[in-house]
Every structure is written in C-alpha cells, then in structure tokens.
Amino acid sequence: MNKKFDIKKLTGSREMSLVVVLVILCAFIQFRNPGFLSAKVIIDMLKNYAVTMILALGMMGVLLLGGIDISIGSTLALSGMCMALLMRDGIVTNTFLAMVISVIVGLVCGLVVGAIIAYGKVLPIIATLGFMNIYRGITYLAAKSQWVAAYQITTEMKQFAQSSSLTFGLLNNLITIMLVCYILFYVMMRFTRIGRKVYAVGSNPEAAEVSGIKINRIKLMVYAVMGALCGLAGALWVSLYASSQGDMAKGLEMDVIAACVIGGVSLSGGRGSVIGVFLGSLTIAIIGKALPLIGISQFWQNGIKGVIILAAVILNVLTQRVMDRNNLKGREM
Amino acid sequence: MAGKSGRSIAITKPRSWKQTLFTWESILVIIFILVNIMNACISPKYLSVPGLFTATSSFLEKAFIVLPMACILIMGDIDISVGSTVALSAVFMAMSYNAGVPMGVAILICLLTGTVCGFMNGMILARFTELPPMIVTLATQIIYRGIAEISLGDQASGGLTKVAWFSNLYWGSLGPVPYMFIVFVILAVFMGLLIHKTTFGRYLYAIGSNRVTAQYSGIGVQRIRCIVFTMTGTFCAITAIFLAARMGSTRSNIAVGYEMEAISMVVLGGISTAGGKGRFPGAIIAIFIIGFLRYGLGLINVSSQVMLVIIGGLLVLAVMLPKLNFKELLKNQNTFRKERKSL
C-alpha cells in the first residue's frame, strides 16, 4: 500500500514529468544528430548556459515570494561593465577581486530594488521595469557607450571561463560555480530557516507576518541575493564572451523566467523547488543548444522555443489538474 | 449620483475640491504642463500648432497599444506579446502587398493577423485559467516574433511607399491635424467611454478587484478576458499599420520593447498592475508626458541612455511617492515611542 502510493506520487510529481519530457527531447535530438550526447557537447552547453542557470536560482527566490524581477539583464550588464571598465583602466587586475567587485555592484543594485519593493511598497513588476531602464542607462553612461574589447581584458580573466582551475582540472570553472550555487541553494531552501521563511512568505504573507516573520526583511534579502547572483553572472559573462558591451544580456530575463516556469515555479508564489528549476533551465539550455545541432535554421529557433515553452507550461497545468484530482480522491477515501 | 426616480444609489461620496485637486490625474496634468514649459524653453518653435503636432507624431503610433493595455491592467492581467504582434502584423501586411495583393486587402490582412494573435492569447488564458498571463504572453511573444522571423528571415519587405495614400496615413494631415491624431482621438474617446460609462467597463474593474467575486456574481470573466485580449491584438495591428506607413518597409525586428513602453505609460497614468485601480484619462495624459519628454530631451541632444534613466526614474518615483504616506509614518513612530515609554 505504502509503496504503491510512493510510485503514484513519483509519477505524478512535476519534476518527474519534466524528466520524462527532457528524456524524450534528448532521445529525439540524439536520433537526429548522434553527436549530441557526447561529453564535449554537453560541457559546452552547460558552459554557455551557466549564466542562465545561475540566474534562474535567484529568480526562483523572487518568484517564490510572488514577485518578479525583469531588471536582471540590466543588473548583469551594469556589474559586468563596471568590472570590465576597472580592468580596462588597469585599476583591478586580480581575477578574484574583479569578480568580488562585480558581485558587490550587483548586490547594491539588488538592495536598491529590494528596498523600493519592500519599503516603498511598489509592485515588483513596475519597480523592476523602471530599474531595467535605469541600470541599462547607467551601464551605457558608465562605459560612455563604448565596448570593452577582448584585448583590454586580462588574459587570466579570459582563461577563467575556459579552464578548470577551481576543481584542479576536473570540471570547467563556470559549471563548477553553477553546481556550487545549486547545491548551496538546495541546502538553504530545504534545510535552513531562511529557506522555509521564503516559502512561508510566498504561500501566505499574512500568516507569515502573524507568525513573526519580518516580511520586508525577507523580501529585501531575496532581491539582494538576486542582485548578487546577477553580479556573479555578469563577471562570468564577461569572462565567457571576453568582451563587455552596453547591450549585453538584453532580454535574458525572459529566458530566465521561462526556465523557472518550465521548472514548475508558480508565478503566484510559494511553489517551486531547486531541482525543478535545474531541470527547467536545463530544458532551455538543451533547446538553445540542440536546435542548431539538428540543422534547424536560426530563423526557426525563436518560434520553436516559444512553442516548447508554451507546451511545457500547459503540460504543467494539466499534470497539476490530475494531481489535484487525485488528491481529492484520496480525501474521499 | 441621484437617479431620476429620486432614489440615491451613490456609494462613493462626492469628492471635495481638495480631493479633486490631489487626484493622480491632476498631478499628471501639472507634470504635463511642466514638461511643455520645459520644451517651450528649449525650442521657441515648439509652442505652435505644427510644432506640437510634429512632436505628437513622433510617438503617437505606439500610443494605440496603450489604450487596450489600460483595460488589461485594470483587469489585473498583463500582455507582453504586443510588440511581437505589431511586428507580425506588419510583416504579413508587407509580404501580402509585395505578393500582389491590393493595399486595402493587405491592411485587412494586417488587422486580421493582429486580431488572431490577440485571440490566441485570450483563448489560451481562458482555457487554462491557472496560467499567469505573464508567462503565456511571454511564450506567445517569442512565438509571434518567431513566425515573423520564419516568414521574412533577415530581409526587409519594402515598397510600401509606392502607394501614396498609405504613406499619407502617417504623413498626411487634415488641415494641420494629422490623420493619425484624428484616429487616435476617436479610439481614445471610444475606449474611455467603454471603460468608464458602460457595464463592460464596470465588469473590467470588478474582475480586476476580485476575480472570484466577479465570477460568482455572474460575470463571464473568461469571456471578457478573451474579448479584451483579442481587442489588444486588433489595436496592435493598427499600430502596425501606422508604423509601416511611417517607415515604408518592415522587418521582423521592428517594435521590440513596445510592451514595456506601453506598460510604463499605463502605470504612470495611475493604473496599477494589480488590477481594479486607476482611471483611463490618466493613461492618456501619461502617454503625452512620456512622449513630449522624450521629444524635448531629444531636441537638446540628451542621449537616449540618459533618457532611459530619466524615464525609468520617473516611473519608479511616480509609483512610489503617493504610497509613502508621511503622516502615517510619523504616527507609527509616535505610537512606537509611546509603547517604548510604557514599557
């Protein structure tokens, strides 16, 4: 009896249905292009999409609170640009220090957004819409509308994205950082008080407030974490593409939100898991990487991507409906 | 608000002059006047009839999206696929014209495309009510843009200037008044009446303030959402027509970011994205504030980057300032002090 229930629970869960979709997707791509499931392609894919996957974590926190952050692309650009400019002018040459600076810039950006949302009582979408413009504008202004080109960035920084120094040659640096972030978030959301508080505030803010959680502080923290992750992602972006432009990561926020939603994070808050987000952003990465691999013209990519997102979201709703019905049945018994 | 029978059905008290003075709309009017004074100082030719209409024409084609977007935000929904819908309708129009279809029919095709796009959004949202509109329209945003890219690739579809009357839609004018302005005024008045003077408009507010209650009081919530989203598609097509008339050709990457501009204007107009709040005239004034501000700053060669910062800042400040209730803050502090003393 008990075991049967477990199987049902497993097959009915969102993560499981997502895994099934992923397996089918991979099998199809593998069938069309046998070179897909090789270590090199997969590592390449993860390396290129590490930024999106890291940002999806922060976005999960924001969405769990029922908020949304569409300023992340601009925050990423601003922090990455600040770092690149310092590097160009020779003020900072140490890679680690540069990354810390980028994270700090992102953190400050996130804190400002969070403060406006938590204490200014502005709706998240409006506040971040405004800051999307503001940060993007500041990025252009700081760089005086110029690029920071590859030769102006230190070799060490450029090498960082390509080498695997952090794990002594085992795994690419970007993938390592991404995995560390995921493990940290998994532990934090699952086993610490802060993680549970985020879920509590997201599913019922009034109840959370009554039970003594300081909602505003949690909100501020979540947006600050989002900002810090943007800063980290900005540094990685500059390292990966070996250049920094004013319009970098424009529109990335939509990819990130899509990754979260495919992963089963609800936009109304309180529902979503780190594993789901991982699978969701993996789906986005596979779609982005595999479509050119199976010889689809670049003009078709957006259309197909959109259809897959829509299909995944609708599938999610349908599984949720089945789950709810099953739950009701269980209660009838 | 007394009815003809003498029975008073007023729920809201008549507003005192103080309340009228401090409504959001009157603050907007003041900002609007300030912007105009600034522009007039910048350029002496600005405050003339042709000058004003030139300024208006520089942004008005986007403003058509704002009208239905106001409805959508009042309902508590959001639509970020509008930019892509504009692009797709314009691309289909230009392609069908270049395939030999007469211009009139091409315009009909454009309107039809937009309407179908909007209907798709509305249909999906009404069928799967659990889905947040943000994510559905995000997906359709990518899909519509994708279809435009599939149809046209990286080519441009031009030659629209060959039809003189079509270009005239944007460039021509009746006396000093551009045709586009006339169309805009008619549609704006229509939408204003629809929102504030009809049952349909009341339904929108009802849905926005409490969807479940609206459903239980017999409003066809999903039907109305579907209608409004379809209408949005049609208005996007109108924008597409004027945009194409202005540029004389289309590409698949036109109208990127229109959704955010439209939403900014509506929000600045005092309509909350949470739904059920705000009045339509505010949105109209906000269109002109942002439009004229951009035009004026453009005149003194302020770079578009600074403009981004200014408009973003204006948006955040405008939404935040009325929320900061200083009196209440002070009161809270006082009670806090009292509590501390009593402890």
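The values are calculated or read from the model by the stated rules, or taken from the named source; none is laboratory data. It should be emphasised that the depicted structure is a prediction, and the values quoted were computed from it without experimental measurement. No Cβ is skipped: glycine too gets one built from the backbone with ideal geometry, and neighbour counts run over all protein chains shown.
Among the residues that make up region B:297-305, is at least one of them in a helix (DSSP H, G or I), at pLDDT below 85 and within 14 Å of another protein chain (Cβ to nearest Cβ)?
Yes; the residues of region B:297-305 include at least one that is in a helix (DSSP H, G or I), at pLDDT below 85 and within 14 Å of another protein chain (Cβ to nearest Cβ).
Would you pick out the residues in region B:261-278 that are crowded, with 19+ Cβ neighbours inside 10 Å and at negative phi? Quick ask: steps written out before the conclusion?
Initial filter on region B:261-278 (crowded, with 19+ Cβ neighbours inside 10 Å): B:261-271, B:273, B:275-276, B:278.
B:Glu261, B:Ala262, B:Ile263, B:Ser264, B:Met265, B:Val266, B:Val267, B:Leu268, B:Gly269, B:Ile271, B:Thr273 - these are the residues of region B:261-278 that are crowded, with 19+ Cβ neighbours inside 10 Å and at negative phi.
Which of the helices (runs of 4 or more DSSP H) contained wholly in region A:148-219 include at least 2 residues that are touching a Ser or Thr at 6+ places or on another chain (Cβ under 9 Å) and among the small types (Gly, Ala, Ser)?
Details: elements: A:155-162, A:173-191, A:193-203, A:205-210.
Passing ranges, in order: A:193-203.
Among the residues of region B:244-259, is any in contact (Cβ under 8 Å) with a residue 24 or more places away in the chain, under 27 Å from B:Leu169 (Cβ atoms), surrounded by fewer than 21 Cβ atoms within 10 Å (Cβ to Cβ) and facing chain A (nearest Cβ under 10 Å)?
Among the residues of region B:244-259, at least one is in contact (Cβ under 8 Å) with a residue 24 or more places away in the chain, under 27 Å from B:Leu169 (Cβ atoms), surrounded by fewer than 21 Cβ atoms within 10 Å (Cβ to Cβ) and facing chain A (nearest Cβ under 10 Å), which makes the answer yes.
Among the numbered criteria (1) at the interface with chain B (Cβ under 8 Å from one of its Cβ atoms); (2) closer than 16 Å to A:Phe28 by Cβ; (3) touching a residue at least 60 places away in the same chain (Cβ under 8 Å); (4) of a type outside the set (D, E, K, R), which single criterion is violated by A:Ile304?
Exception for A:Ile304: condition (3).
With the condition kept exactly as written, say whether any residue in region A:97-114 is within 19 Å of A:Met221 (Cα to Cα), within 12 Å of another protein chain (Cβ to nearest Cβ) and not acidic (Asp, Glu).
Yes, that holds for at least one residue.
Looking at region A:210-266, which of its residues are closer than 22 Å to A:Val112 by Cα, surrounded by fewer than 23 Cβ atoms within 10 Å (Cβ to Cβ), within 14 Å of another protein chain (Cβ to nearest Cβ) and out of contact with any Phe, Trp or Tyr (no Cβ under 7 Å at 6 or more places or on another chain)?
A:Asp247, A:Lys250, A:Gly251, A:Leu252, A:Met254
Which of the residues belonging to region A:93-117 are surrounded by fewer than 22 Cβ atoms within 10 Å (Cβ to Cβ) and over 18 Å from A:Ser74 (Cβ atoms)?
A:Thr93, A:Asn94, A:Thr95, A:Phe96, A:Leu97, A:Val100
Quick test for you: out of B:Ile254, B:Ile219, pick the one residue that is more than 30 Å from B:Gly104 (Cα to Cα) and part of a loop (DSSP other than H, G, I, E, B). It would help to see each step written out before you state the result.
Working: B:Ile254 fails: more than 30 Å from B:Gly104 (Cα to Cα).
After ruling out the rest, the residue left standing is B:Ile219.
May I ask you to list the residues in region B:188-213 that are exposed (fewer than 14 other Cβ atoms within 10 Å of the Cβ) and aliphatic (A, V, I, L, M)?
Passing the criteria: B:Val189, B:Leu193, B:Val212.
Among the residues of region B:27-80 satisfying the criterion of being in contact with a Lys or Arg (Cβ under 7 Å, 6 or more places away or on another chain) and assigned to a helix (DSSP H, G or I), which is surrounded by the fewest Cβ atoms within 10 Å (Cβ to Cβ)?
In this case the residue turns out to be B:Gly51.
Step by step: first the residues of region A:140-154, then only those that are within 14 Å of chain B (Cβ to nearest Cβ) and of a type in the set (A, V, I, L, M), then the one that is surrounded by the most Cβ atoms within 10 Å (Cβ to Cβ). Which residue is that? Show your work before the answer.
Just the residues of region A:140-154 that are within 14 Å of chain B (Cβ to nearest Cβ), to begin with: A:140-146.
Retained after the next criterion (residues that are of a type in the set (A, V, I, L, M)): A:141-143.
Details: A:Leu141: 15, A:Ala142: 17, A:Ala143: 21.
Going through the qualifying residues, I end up with A:Ala143.
Report, by residue number, each residue of region B:119-156 that is closer than 23 Å to A:Gly264 by Cα and not aliphatic (A, V, I, L, M).
B:Asn121, B:Gly122, B:Arg127, B:Phe128, B:Thr129, B:Glu130, B:Pro132, B:Pro133, B:Thr137, B:Thr140, B:Gln141
Do we have B:Thr85 as closer than 14 Å to B:Phe235 by Cβ and hydroxyl-bearing (Ser, Thr, Tyr) here? Break it down into steps so the answer makes sense when it comes.
Numbers: closer than 14 Å to B:Phe235 by Cβ: yes; hydroxyl-bearing (Ser, Thr, Tyr): yes.
It is true that B:Thr85 is closer than 14 Å to B:Phe235 by Cβ and hydroxyl-bearing (Ser, Thr, Tyr).
State whether the residues of region A:278-286 include one that is at pLDDT 85 or above, within 8 Å of chain B (Cβ to nearest Cβ), crowded, with 20+ Cβ neighbours inside 10 Å and assigned to a helix (DSSP H, G or I). It would help to see each step written out before you state the result.
Quick first cut of region A:278-286, residues at pLDDT 85 or above only: A:278-286.
Going one step further and asking which of them are within 8 Å of chain B (Cβ to nearest Cβ), we end up with none.
Looking for residues that are at pLDDT 85 or above, within 8 Å of chain B (Cβ to nearest Cβ), crowded, with 20+ Cβ neighbours inside 10 Å and assigned to a helix (DSSP H, G or I), one finds none in region A:278-286, hence no.
Of all residues in region B:144-161, which are in a helix (DSSP H, G or I) and either loosely packed, with under 12 Cβ neighbours inside 10 Å or touching a residue at least 60 places away in the same chain (Cβ under 8 Å) (or both)? So that I can check it myself, show each step before the final result.
Residues of region B:144-161 in a helix (DSSP H, G or I): B:144-152, B:160-161.
Hits for region B:144-161 are B:Tyr144, B:Arg145, B:Ala148, B:Glu149, B:Ser151, B:Leu152, B:Leu160, B:Thr161.
Name the residue that is nearest to the chain's Cα centre (by Cα), counting only residues in region B:116-155 that are at the interface with chain A (Cβ under 8 Å from one of its Cβ atoms) and among the small types (Gly, Ala, Ser).
Selected residue: B:Ala139.
Does any residue of region B:214-221 turn out to be touching a residue at least 24 places away in the same chain (Cβ under 8 Å) and surrounded by 21 or more Cβ atoms within 10 Å (Cβ to Cβ)?
Within region B:214-221, not a single residue is touching a residue at least 24 places away in the same chain (Cβ under 8 Å) and surrounded by 21 or more Cβ atoms within 10 Å (Cβ to Cβ).
Is at least one residue of region A:52-66 within 17 Å of B:Gly312 (Cβ to Cβ), within 14 Å of another protein chain (Cβ to nearest Cβ) and out of contact with any Lys or Arg (no Cβ under 8 Å at 6 or more places or on another chain)?
Our first condition is that a residue be within 17 Å of B:Gly312 (Cβ to Cβ); within region A:52-66, this holds for none.
Checked region A:52-66: no residue is within 17 Å of B:Gly312 (Cβ to Cβ), within 14 Å of another protein chain (Cβ to nearest Cβ) and out of contact with any Lys or Arg (no Cβ under 8 Å at 6 or more places or on another chain).
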